[in-house]
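Some notes on the structure that comes next.
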Amino acid sequence: MKFTKFAAIALTAVITTSHAAAADDPAKLNDLQIAHVAYTADNIDIRYAHLALAKSKNPEIHNFARTMIRDHNAVNEQALALLKKLKAQPQDNFLSRQLEQGADKLVAEMSALSGDAFDRRYAENELAYHKAVNKLVEYTFIPNIDNAEVKALFGAGLKIFKVHEGHAEMMVKALKDGKAMKHSRMKH
Amino acid sequence: MNRRDFLTGMAGALALTILSRPHPGIAAGSVHKVRIADFEYQPARIVIRAGDRVEWHNQDFVPHTATGSEGNWDTGNLEPDQRASMSFPTSGEFAYFCAHHPTMVAIVVVK
């Protein structure tokens with residue numbers, strides 16, 4: 001099975017399987033549990049990005065990975081600031097744990113790769129991961145969040161992550177075509 | 001043409017090339033503001049006159065850039081709440097994007 005599909009199916013499986021069991025239903029998580037899932041998902045992507053910086057020699061992969069680290073850290077800082085203001089703590093839950101377990105497997109799998117094989121797998125996973133998380137945030141989390149400020153933060157986060165999804169899509173296409181991305185001439 | 005004339009001509013041509021593309025130097029024209037918010041340039045298309053400036057203001061909570069698609073001009077990193085401006089001395093269409101988020105695209109049209 002291709003890795004892209006694996007990542008998407010793994011996350012979708014977490015979500016759909018959970019719907020079957022009421023206790024493990026993402027739609028029934030409270031705001032603080034949802035915040036924990038989002039924080040965990042951010043940190044997982046940061047972890048993938050650090051792996052990419054260590055393993056890849058492709059400047060476009062590096063650019064993308066640095067953006068993931070910067071943006072996901074920024075979102076997490078916003079989330080933590082809001083929780084502090086609300087005097088609340090994120091609550092660990094089944095979905096956060098399942099995401100962590102899935103990430104452990106993917107990191108082990110990607111660590112065994114190198115060169116173009118690593119780059120393609122990283123890029124494809126980023127696309128699949130952002131697609132799956134965005135779907136979860138848009139259709140399951142945001143409609144179920146009670147607190148208006150938390151809901152607004154997730155709305156802002158979704159905009160960012162959709163931009164990441166588009167960027168990942170460009171990266172996957174460029175790697176498939178063996179060309180540099182259309183906008184990749186300037187380095188920052 | 002002697003060597004001195006040649007070098008003077010080359011320097012003039014180089015200066016013309018540099019000044020004909022967008023640059024951060026001081027210009028006398030109007031300043032047009034582009035807001036960067038919600039991962040978009042607002043407006044995404046701006047029409048100005050030759051010699052005017054465009055000022056970008058990053059209102060997101062992550063850094064962005066305004067980077068020429070042809071690779072010949074760049075505001076550099078704009079941290080949250082930071083501003084930068086460029087002068088557009090010649091007419092033309094100047095597409096640009098964010099180097100960190102390349103799906104963010106916009107254009108400056110200089111009449």
Subject >> All positions within the range A:125-148 that are under 12 Å from the mean Cα position of the chain (by Cα) and not polar (S, T, N, Q) >> reply: A:Glu126, A:Leu127, A:Ala128, A:Tyr129, A:His130, A:Lys131, A:Ala132, A:Val133, A:Lys135, A:Leu136, A:Val137
**OP:** From the list A:Ala132, A:Ala156, pick out the single residue that is of a type in the set (A, V, I, L, M) and at pLDDT below 95.
**Re:** A:Ala156
**OP:** For residues that are of a type in the set (A, V, I, L, M) and under 14 Å from A:Met110 (Cβ atoms), scanning just the range A:36-55, find the one that is nearest to the other protein chains (Cβ to nearest Cβ).
**Re:** A:Ala49
**OP:** Would you tally the residues in the range B:53-73 being under 12 Å from the mean Cα position of the chain (by Cα) and either surrounded by 22 or more Cβ atoms within 10 Å (Cβ to Cβ) or in a strand (DSSP E or B) (or both)?
**Re:** 8
**OP:** Test A:Ala27 against the stated conditions and say whether it is away from chain B (no Cβ under 14 Å) and either touching an Asp or Glu at 6+ places or on another chain (Cβ under 6 Å) or crowded, with 22+ Cβ neighbours inside 10 Å (or both).
**Re:** no
**OP:** Among what's in the range A:52-83 and is touching a helix residue (DSSP H, G or I) at 6+ places or on another chain (Cβ under 8 Å) and among the small types (Gly, Ala, Ser), pick the residue that is nearest to B:Pro102 (Cα to Cα).
**Re:** A:Ala65
Original post:
Hey, does the range A:28-47 have a residue that's within 14 Å of the chain's Cα centre (by Cα), at pLDDT 95 or above and under 21 Å from A:Lys173 (Cα atoms)?
Top reply: yes
**OP:** Kindly establish whether A:Ala108 is under 30 Å from A:Gly178 (Cβ atoms), among the aliphatic types (A, V, I, L, M), at pLDDT 95 or above and out of contact with any Asp or Glu (no Cβ under 6 Å at 6 or more places or on another chain).
**Re:** yes
Subject >> Hits in the range B:87-111 (condition: more than 14 Å from chain A (Cβ to nearest Cβ) and surrounded by fewer than 16 Cβ atoms within 10 Å (Cβ to Cβ)) >> reply: B:Thr90, B:Ser91, B:Gly92, B:Glu93, B:Val109, B:Lys111
Original post:
Can you find a residue in the range B:24-36 that is at the interface with another protein chain (Cβ under 9 Å from one of its Cβ atoms) and crowded, with 20+ Cβ neighbours inside 10 Å?
Top reply: no
**OP:** Would you be able to tell me the number of residues in the range B:74-111 that are assigned to a strand (DSSP E or B) and within 23 Å of A:Gln78 (Cα to Cα)?
**Re:** 2
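The values are calculated or read from the model by the stated rules, or taken from the named source; none is laboratory data. None of these values were measured; they are calculated from a predicted model. A quick note on method: Cβ atoms are made from the backbone with ideal geometry, for glycine too, and the neighbour counts reach across all protein chains shown.
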